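Peer 1: I am attaching a structure below and will ask some questions about it afterwards.
The values are calculated or read from the model by the stated rules, or taken from the named source; none is laboratory data. It should be emphasised that the depicted structure is a prediction, and the values quoted were computed from it without experimental measurement. Ideal geometry is used to build each Cβ from the backbone, glycine not excepted, and the neighbour counts take in all protein chains shown.
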Amino acid sequence: SLPVVAIVGRANVGKSTLFNRLVGRRVSIVEDTPGVTRDRIYGKSEWNGVPFRVIDTGGIEMDEEDEMGNLIRVQAQIAIDEADVILFVVDGRQGVTQADEHVAQVLRRSQKPVVLGVNKLDNVEQYAFSYEFYSLGFDEAVPFSAEHGRGTGDLLDAVVAKL
Ligand code: GDP
Ligand code: MG
């Protein structure tokens, strides 16, 4: 079966926009309102002749509490369980948020390969906004624009290198 790439990140960072670009169809619902609950969406993609499955985990953006009252990042956990590579998306225009740091912490503990993509950097003049995301502790912080497509080739190069 094909390797699985799970797109993870807090609400409204552009996960579904990226998913639709990778899958080549408008399957996932792009929402201007954060926190809208949707089902998980699966699709197929390929890059440089390497096929893979993609999961948009945006349908499970809410937190849940375990019996000890600890918040569990459900989305990140499902991605960790199912993915061969996790594509962690953040909003480069907003800068690092506490929610990004929480997701990063869960992903770092997972031992799964993570590619960090810094989205909404629609032109190269904005690429410097990606540097502060190195503080999240991953190998690289790849600037890209899910909406315009710029940088998505570099992002996929990084993903496929970890498959
Ligand atoms: P999700 O909640 O993470 O799935 O985010 P969505 O894909 O639904 O996108 C949330 C909002 O960000 C929508 O208004 C998108 O049009 C916008 N957005 C997504 N990608 C980009 C991008 O690369 N550049 C800009 N400027 N806006 C984007
Ligand atoms: Mg979404």
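Peer 1: So which residues in region 96-136 are in contact with a helix residue (DSSP H, G or I) (Cβ under 6 Å, 6 or more places away or on another chain) and not aliphatic (A, V, I, L, M), if there are any at all?
Peer 2: Matches in region 96-136: Ser110, Lys112, Pro113, Gly117.
Peer 1: Sticking with this one: Return the pairs, sorted by first residue and then second, in which the second residue is crowded, with 16+ Cβ neighbours inside 10 Å and small (Gly, Ala, Ser), the first residue lies in region 91-119 and is within 13 Å of Ala6 (Cβ to Cβ), the beta carbons are less than 7 Å apart, and the residues are 6+ apart or on different chains.
Peer 2: What qualifies is Val103/Gly9; Val103/Ala76; Val106/Ala76; Leu107/Ala76; Lys112/Ala83; Val115/Ala158.
Peer 1: Among the residues of region 13-27, how many are away from ligand 1 (no atom under 13 Å from the Cβ) and either within 18 Å of Ile86 (Cβ to Cβ) or modelled with pLDDT of 90 or more (or both)?
Peer 2: Filtering region 13-27 down to residues away from ligand 1 (no atom under 13 Å from the Cβ) leaves 24-25.
Among the residues that remain, those that are also either within 18 Å of Ile86 (Cβ to Cβ) or modelled with pLDDT of 90 or more (or both) are: none.
Within region 13-27, residues that are away from ligand 1 (no atom under 13 Å from the Cβ) and either within 18 Å of Ile86 (Cβ to Cβ) or modelled with pLDDT of 90 or more (or both) number 0.
Every residue, every condition in (1) within 17 Å of the chain's Cα centre (by Cα); (2) within 13 Å of ligand 1 (Cβ to nearest atom); (3) modelled with pLDDT of 85 or more; (4) surrounded by 18 or more Cβ atoms within 10 Å (Cβ to Cβ), yes or no:
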{"residue": "Ala11", "(1), (2), (3), (4)": "yes, yes, no, no"}
{"residue": "Ile29", "(1), (2), (3), (4)": "yes, yes, no, no"}
{"residue": "Gly35", "(1), (2), (3), (4)": "yes, yes, no, no"}
{"residue": "Ile41", "(1), (2), (3), (4)": "yes, yes, no, yes"}
{"residue": "Glu46", "(1), (2), (3), (4)": "yes, no, yes, no"}
{"residue": "Gly49", "(1), (2), (3), (4)": "no, no, yes, no"}
{"residue": "Asp56", "(1), (2), (3), (4)": "yes, yes, yes, yes"}
{"residue": "Asp63", "(1), (2), (3), (4)": "yes, no, no, no"}
{"residue": "Ile72", "(1), (2), (3), (4)": "no, no, no, no"}
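Peer 1: From the set of residues in region 132-158 that are aliphatic (A, V, I, L, M) and within 16 Å of Gly24 (Cβ to Cβ), which is surrounded by the most Cβ atoms within 10 Å (Cβ to Cβ)?
Peer 2: This residue is Ala146.
Peer 1: Among the residues of region 78-99, write down those that are assigned to a helix (DSSP H, G or I) and under 24 Å from Val160 (Cβ atoms). Outline the logic, then answer.
Peer 2: First, the residues of region 78-99 that are assigned to a helix (DSSP H, G or I): 78-82, 98-99.
Ile78, Ala79, Ile80, Asp81, Glu82 - these are the residues of region 78-99 that are assigned to a helix (DSSP H, G or I) and under 24 Å from Val160 (Cβ atoms).
Peer 1: Among the residues of region 113-120, are any part of a helix (DSSP H, G or I), under 26 Å from Pro51 (Cβ atoms), in contact with a Gly (Cβ under 8 Å, 6 or more places away or on another chain) and within 16 Å of ligand 1 (Cβ to nearest atom)?
Peer 2: Filtering region 113-120 down to residues part of a helix (DSSP H, G or I) leaves none.
No, that holds for no residue.
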